[in-house]
There are 2 protein chains.
Amino acid sequence: MPVAPTRGRLRPLGLDEVTITSGFWARRRHINTTATLGHCHDWMERVGWIGNFRAAAEGRLPKDRRGREFADSDVYKLLEAMAWERGPDAGAALDTITDAIAPVQEPDGYLNTAFGRPGQGPRYGDLEWGHELYCYGHMIQAGVAQTRARGEGALAKIARRAADHVCATFGPGGIEGVCGHPQIETALVELARATGEQRYLGQAALFVDRRGRGTLADPEFGRAYYQDDMPVREATILRGHAVRALYLAAGAVDVAVETGDDDLLAAVVRQWEATVARRTYLTGGMGSHHRDEAFGDDFVLPPDRAYSETCAGVASVMLCWRLLLATGEPRFADLAERTLFNVVAASPSEDGRSFFYANTLHRRRRGTVPPAGTDSPRAESSLRAPWFAVSCCPTNVARTLAVLPAYLATTDDHGIQLHQYTDMDIATQGVALQVRTDYPSGGRVTVGISSSPGHSWTLSLRVPAWTEGTTAWLTEPDGTRRAVAPGTAEVTRRFRPGDEIRLELPVTPRWIAPDPRVDAIRGTLAVQRGPLVHCAESVDLPTGHEVDAVRVDRSAEPVDGPQGTVVVQGELITSDQARDTPWPYRPLDGPTEPPTDGPDEPATPTTAERTGITLVPYHSWANRGPSTMRVWLPTTEPPVSPPAG
Amino acid sequence: MPVAPTRGRLRPLGLDEVTITSGFWARRRHINTTATLGHCHDWMERVGWIGNFRAAAEGRLPKDRRGREFADSDVYKLLEAMAWERGPDAGAALDTITDAIAPVQEPDGYLNTAFGRPGQGPRYGDLEWGHELYCYGHMIQAGVAQTRARGEGALAKIARRAADHVCATFGPGGIEGVCGHPQIETALVELARATGEQRYLGQAALFVDRRGRGTLADPEFGRAYYQDDMPVREATILRGHAVRALYLAAGAVDVAVETGDDDLLAAVVRQWEATVARRTYLTGGMGSHHRDEAFGDDFVLPPDRAYSETCAGVASVMLCWRLLLATGEPRFADLAERTLFNVVAASPSEDGRSFFYANTLHRRRRGTVPPAGTDSPRAESSLRAPWFAVSCCPTNVARTLAVLPAYLATTDDHGIQLHQYTDMDIATQGVALQVRTDYPSGGRVTVGISSSPGHSWTLSLRVPAWTEGTTAWLTEPDGTRRAVAPGTAEVTRRFRPGDEIRLELPVTPRWIAPDPRVDAIRGTLAVQRGPLVHCAESVDLPTGHEVDAVRVDRSAEPVDGPQGTVVVQGELITSDQARDTPWPYRPLDGPTEPPTDGPDEPATPTTAERTGITLVPYHSWANRGPSTMRVWLPTTEPPVSPPAG
């Protein structure tokens, strides 16, 4: 398991206790195993990021260094994925790469291919942008994964020596600094949990406490960019670079849980609440600025400029999981579910060999497929690309999918809690149960008990928040059927083998309307079906139409279409609504016909065909060639009268 | 005059022919002369950008170099402003700074403080980002200004030597490259016009032709960033970095006009049309990306993330002026007017000592005043700041205001054309006339003829496009009054001293509605009064309200308020509309009351006070302390039913 707190409301289950057997996530994980891991490994050889370690060992640095200053971290993220993966091929690859890394570690534990050699910057001379501690963080997480999934090996030993070096260098009396990119905090806590060594926890707590006191330089984006603008426990909302903010929050939860610091935990919960209420996309995506990959101001959530980085989705799931374990509150699993289905699952292509870096909610222009074998600029990733100049996302998806079974269910002293639904077998504490479902396509979840201890215990099932306003049903083993409200449904009894519990979740498609304060989507609606956000994609429209021609009729309920699609009623605007007008702003009392180029040109009447419009799950878009796409669809009743003309 | 074409439909007038006597622009120019020029000079000494030249002369480079690689260019822009300014103080300062620059020019004409010395990058080793030709461009424009306004002096000679060096280095057989930042093109054409030396024109034409052929590296933002993605004459719309795109387009017009290249001119006109129709803010502002300071895709015009750089406004006015001279079409003066009043005039504070870099149309958070004496990050300029780390905007405003009289009127073989309205005296070709008006506060423009040749000629007056849907009136010297349509109104006669022509423009405030394709402002309206865009600013709301509480009633016409303000009817939303909800997206058929924190908490009813809301001219906002502001105001009829709660 990736997170193993010693305290908290719930206890996680490990990969040996939860097995995903089939369904949505099984398919994703199969592709991850058979395609994505090898794809990332190949690319990292091709672009020389693994080669950096060989070059270091052979004294060819800095001349032969490739990639950005944080390239080491992507190698470590791949190793973490390989460690969780547990198959022999992944293990062999892990060992090979580890063999390349080991000789680069210096006698005092320092390990980085970008700093410290003649011709390179000095160690820790650029805490703002050097990412040295960030790289250790991913290395340590990989080491912990190895220890837990495969038993402590060479990688774990390297990680521990690096962590010792960090404590010696940045501990009391050492450098009074923090890394520009948080990540080491959560890694050090996990290493403390895995090893029992409390120094690592102390160092993590020190890093969390030091952050926000202005030890880093004031960059062009402001110190909020790396959360050095105010102490963690004083902040009221997440801000700055989204991945940095979320990793830091996850680390702060880890520290709070292990040290019993309830004030710190409460501070992060408050920040999470405010961020979800005001700075999160319908998909669960976070971060609306391309410029600094950052959260915008409250309610600045433009769909067409959504950054919603894949890694921010991964980081949000990490934070949600930690908050769920600490508090037991289902709202954290709700956001994790939304983010897993609509951000994390949206990033990789169907073949697992290309990825979204940014996850826009509105694509106005058909993209172009990157030339084979080239890496892509990160922010232009409006078509999935095989690799990026900064390529944090593919390996982040890979490590998340590799350990996904450990994010689905928990135990406590009373029983077992199911937080996410997919076909899976769980075996823990004398209980064996099988979850069978076609979720999220269908809403029926059946839990079969095949083994149970003799005493009474409680099976808890999350009833997703998205069922609000409809009715979900729970059927107990004795056939009793009752409506269950969003939150947690519980069945407590002395279960027997053969007992079956059924949860029926109403995955009928529904219109979703935004808070009017999200200015950028005023006058539009989206469709959600179960946990899945849907979108219009141009490949499903009549030839020649792009998604911006769609207007939807809010008075007609969306209905299920074939193969997991949804069909809504609406219009496709054609003719002069699509024509240029000389100036796109017109007096309200002015002429409604567009000025024509010449006095004799007849005004083309506006025509709109009434039609059904197919919406596909957002995570599946852009798998059928270049297309335009949008999640938030304008309604047929224009909010302001003059037509486009 | 800044632009003196040898061909084209209209001929510009010079600073000795047009004098602004009082009114809106006279006040702005007075502040420019008495405050802004000195402010820029002081700051450029403080941050060491003038000192770079002294350091170069004294052999202290690169050690003592300050500022970014293009810092020289801001010194040149200040010199251009000082040259146009023509007062003795400005002249003395110009000479002093020129004395510092002169010794830095190398024997072959090369001049740059950032390249070419031991420890610096080699000359022209980084055409993408080095800005060497860009710096020459501004130097040459300053030299031309000196020649025209004060007579050729030392600066003009330096510029000419630099231009000779450019021709020798980048001409046929030389480096087959272009500069990452266009600017040299228009400067070289102007130098050709000022000196009669056709080599400079040929070099400019060569640079325009070379652009778009991929000679520059493919950067993270793509080659469109510096318009190296396709040849100028093949492009259909402006794209990439807005200032770069607009400077290049201006240079292409200059080349097209001087070489009689009608195809090239037509290509730029097409690009301008498409850009104005699809990629321009109501203010005339251009550029909706913070990340790469670039144009967005069509209709991507988020008000809260508007970049709308001040320099892009200046560049747009430069392009409009050139297109107006070439074609005589009033639409180019229309956009110039809009941009001058709502972008260029918005940048400087009332005291002329702080500036907007970006000109957002929606500010949601009160800004903080930068600490005295510090420069500011450019994109955080949501409050005006005295100086920026990249400080192109203050000097760009200064040079534009210094030469503004030359952008107002023209002549041709038939008479005189008035394109912009302010109190001004014009004396040219035997005609003396006086324009008197309180425009843009009032709409009455009176043109008095005090001297006229004996023959008949035509006085042309632009009737702004913003009068569309209302009626403007023209009164001829004989008292005849007639309605005039948007475009050009002409009076042809043998004018006599004492003749008076009156234009009445209906500057009543009007609601403006956006094209529905501008998704980010669906369901909102703005107010324009004459050429002025208005906005709500929190300092005009009852205490405790921010602008996002405003909802306007579109059924009530906006009316004039005191002192140039406009008053609209609307509501200020309070209570639970302003409260956080746990999640800002809700099923359309779901409960309309927000979930409360606990079951016993009563739902706070939504209340909205009906009230008049004062809107101030956009250019004047943020002169009364930190505030929130928005141009596009949601209407009281919510476009989609569920309330914010």
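Readers should treat all values here as calculations from the given coordinates under stated rules, not as data from a laboratory. Given the structure is predicted, the values throughout are model-derived calculations rather than measurements. Every residue, glycine as well, gets a Cβ built from its backbone with ideal geometry; the counts of neighbours run over all protein chains shown.
Brief remarks on what is shown
- In chain B, the longest principal axis of the Cα atoms and the axis of helix B:242-259 are about 50 degrees apart.
- Computed over the protein assembly as shown, the per-residue total of -39500 (n - 2.57) for DSSP H runs of n ≥ 4 gives a 222 nm mean residue ellipticity of -9500 deg cm²/dmol, rounded to 500.
- When the inverse distances between all different Cα atoms of chain B are averaged and flipped, the Kirkwood radius reads 25.9 angstrom.
- Exam field: A:Ser555 pseudo-label spacings to other copies (7 Å along Cα-Cβ), nanometres: 2.0
- Here the contact order of chain B, divided by its residue count and restricted to Cα pairs under 8 Å and six or more residues apart, works out to 13 percent.
- Counting, for every residue in B:301-307, the Cβ atoms of other protein chains within 10 Å of its Cβ and taking the mean gives 5.
- Fewest neighbouring Cβ atoms within 10 Å first, the residues A:Lys157, A:Lys77, A:Lys63 line up as A:Lys63, A:Lys157, A:Lys77.
- Fewest-first ordering of B:Tyr618, B:Tyr439 by other beta carbons within 10 Å of each residue's beta carbon gives B:Tyr439, B:Tyr618.
- Chain B: angle of helix B:132-150 to the longest principal axis, Cα-based, in degrees nearest 10: 80 degrees
- 7 Å along Cα→Cβ, label-point gaps from B:Thr19 to other copies, nm, shortest first: 9.6
- Cα centroid separation - the range A:430-495 against the range A:234-287, whole Å: 30 Å
- A simple packing score, the average count of other Cβ atoms within 10 Å per residue, orders the peptides A:402-413, B:484-495 as A:402-413, B:484-495, with the highest score first.
- For B:Ser441, inter-copy label distances in nm, listed shortest first [label point 7 Å out on the Cα-Cβ vector]: 7.1
- Shape call, the range B:409-504: gyration tensor on alpha carbons, a/c limit 1.5: prolate
- 10 Å Cβ neighbours from other chains, averaged over peptide B:522-530: 4
- Bins of 10 Å from zero: percent of alpha-carbon pairs in the protein assembly as shown: 2, 9, 16, 21, 20, 15, 10, 5, 2, 1, 0, 0
- Highest mean packing first, where packing is the average number of other Cβ atoms within 10 Å per residue, the peptides A:543-555, B:247-259, B:467-479, A:289-301 line up as B:247-259, A:289-301, A:543-555, B:467-479.
- Relative contact order, whole percent, for the range B:409-504 stands at 28, derived from Cα pairs under 8 Å and 6 or more residues apart.
- Tilt relative to chain A, helix A:37-46 - C-alpha long axis, 0 to 90 degrees, to 10: 80 degrees
- Ranked for footprinting exposure by Cβ neighbours inside 10 Å, fewest first, B:Glu504, A:Glu80, A:Glu537 give B:Glu504, A:Glu537, A:Glu80.
- The Rg/Rh ratio for the range A:78-138 is 1.06, where Rg is the radius of gyration of the alpha carbons and Rh is the Kirkwood radius.
- Shown in residue order for the range B:483-494 are the 3J(HN,Hα) couplings computed by the Karplus curve 6.51 cos²θ - 1.76 cosθ + 1.60 at θ = phi - 60°: 6, 10, 8, x, x, 10, 9, 10, 10, 10, 5, 7 Hz (x for Gly and Pro).
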